[in-house]
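The values are calculated or read from the model by the stated rules, or taken from the named source; none is laboratory data. Worth saying up front: this structure is predicted, and the values here are computed from it rather than measured. Counting neighbours? That spans all protein chains shown, and the Cβs are built from the backbone with ideal geometry, glycine included. Accessible surface is based on the protein model in full, side chains and every heavy atom, while ligands, DNA and RNA are left aside. Shrake-Rupley method; radii C 1.70, N 1.55, O 1.52, S 1.80 Å.
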Amino acid sequence: MTEATIDFKRLLDESVQIHGHLCAGQVLGVRMSMLGLREIGIEDPKGKDRKSLMVFVEMDRCATDAVQSVTGCSLGKRSMKFMDYGKMAATFLNLKTGKAIRVFAREDSREKAKERFPEIENKYAGQLEAYKIMPDEELFDVMEVTVTVAPQDMPGRPMRRVQCDSCREHVQDMREISRDGKVLCVSCAEGGYYEVKEPFLAVRYAEKP
Ligand SMILES: [Zn+2]
Ligand SMILES: [Zn+2]
């Protein structure tokens with residue numbers, strides 16, 4: 001076994017542990033991350049290079065967990081950004097050098113993978129095994145890109161905290177919106193993903209003596 005194969009197996013094992021099952025997404029996500037990190041010159045993403053790395057994932061699917069597992073990047077650390085594009089792609093950015101590589105899973109790799117092991121009856125199981133061994137160039141398109149990260153999107157302390165003039169909740173990281181002389185949070189300005197049915201807690205607190 002080559003060193004790269006051992007690395008791959010170890011990273012896949014780790015990723016499966018975190019994700020909860022082995023699936024084609026884990027294999028693709030691990031391979032995608034190994035390729036991306038190599039291309040931007042990151043050797044030790046969870047150790048000495050941990051502050052030099054940011055990753056943009058374009059899907060919230062199985063592979064996203066694998067990218068998190070291999071890179072150590074996460075939403076909570078602000079080193080992972082979720083771009084809701086519905087694409088099996090991720091961009092790996094070296095914050096020190098500015099080099100950014102976008103890796104996109106090729107559509108034709110799906111069919112190729114299914115045909116690779118005709119002796120495996122379950123075609124998804126065959127596809128998963130194929131993803132382990134297919135060369136990078138059959139699996140992925142790789143492009144060099146430029147990514148500009150705004151200061152308010154970087155890890156570190158929030159640059160600003162303001163209060164929404166409508167709901168009175170606080171907003172940080174400059175996500176507020178100014179409209180007609182008012183400072184609003186996104187949900188008040190644009191309509192949020194939730195609607196308040198009943199502000200129970202506010203009522204309960206108000207009733208306390
Ligand atoms: Zn999965
Ligand atoms: Zn608000």
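When the chain is treated as a GNM with alpha-carbon contacts under 10 Å, the residue of SER79, SER15, SER52 showing the greatest mean-square fluctuation is SER52.
From the convex hull of the Cα coordinates of region 73-120, what is the mean projected area in square nanometres? For region 73-120, the mean projected area of the Cα convex hull comes to 5.3 nm². Nearest 10 degrees, 0 to 90: what angle lies between the long axis of helix 3-19 and the longest principal axis of the chain (Cα atoms)? Between helix and principal axis, roughly 40 degrees. Taking the chain as a Gaussian network, where each spring joins two C-alpha atoms under 10 Å apart, which residue of ARG102, ARG38, ARG160 fluctuates the most? Top of the fluctuation ranking is ARG160.
Rolling a 1.4 Å probe over the protein heavy atoms of the chain, with every protein chain left in place, gives an accessible area that is 51 percent carbon and sulfur. Annotation: the antiparallel percentage among DSSP beta bridges lying fully within the chain is about 90.
Using only side-chain charges placed at the Cβ, +1 for Lys and Arg and -1 for Asp and Glu, the dipole size of region 43-123 relative to its Cα centre rounds to 500 debye.
Using the Cα coordinates of region 92-209, the gyration tensor eigenvalues translate into equivalent-ellipsoid semi-axes of 48, 24, 13 Å, sorted from longest to shortest. Only the Cβ atoms of Lys and Arg (+1) and of Asp and Glu (-1) were treated as charged; on that basis the dipole of the chain about its Cα centre amounts to roughly 880 debye. When region 105-192 is described by a simple charge dipole with +1 on each Lys and Arg Cβ and -1 on each Asp and Glu Cβ, the residue from PRO151, VAL171, MET134 located farthest towards its positive end is VAL171. Relative to the longest principal axis of the Cα atoms of the chain, helix 62-71 runs at roughly 90 degrees. The angle separating the long axis of helix 123-133 from the principal Cα axis of greatest extent in the chain is about 80 degrees. Put simply, the convex hull of the Cα atoms in the chain casts, on average, a shadow of 16.9 nm². Taking label points 7 Å from Cα along the Cα-to-Cβ direction, ASN122 and VAL196 give a separation of 4.8 nm. Rounded to the nearest 500, the 222 nm mean residue ellipticity of the chain from helices alone is -11500 deg cm²/dmol, with -39,500 (n - 2.57) taken per DSSP H run of at least 4 residues. In the context of the full set of protein chains, residues of the chain present 64 Å² of accessible surface per residue (probe radius 1.4 Å, heavy atoms only). Of LYS46/LYS112; LYS48/LYS77; LYS9/LYS114; LYS46/LYS96, which pairs sit farther than 25 Å apart, going by alpha carbon to alpha carbon? Beyond 25 Å between Cα atoms: LYS46/LYS112. With contacts taken as Cα pairs under 8 Å and at least 6 residues apart, region 1-150 reaches a relative contact order of 23 percent.
Only Cα pairs under 8 Å and 6+ residues apart enter the sum, and on that basis the relative contact order of region 75-209 stands at 16 percent.
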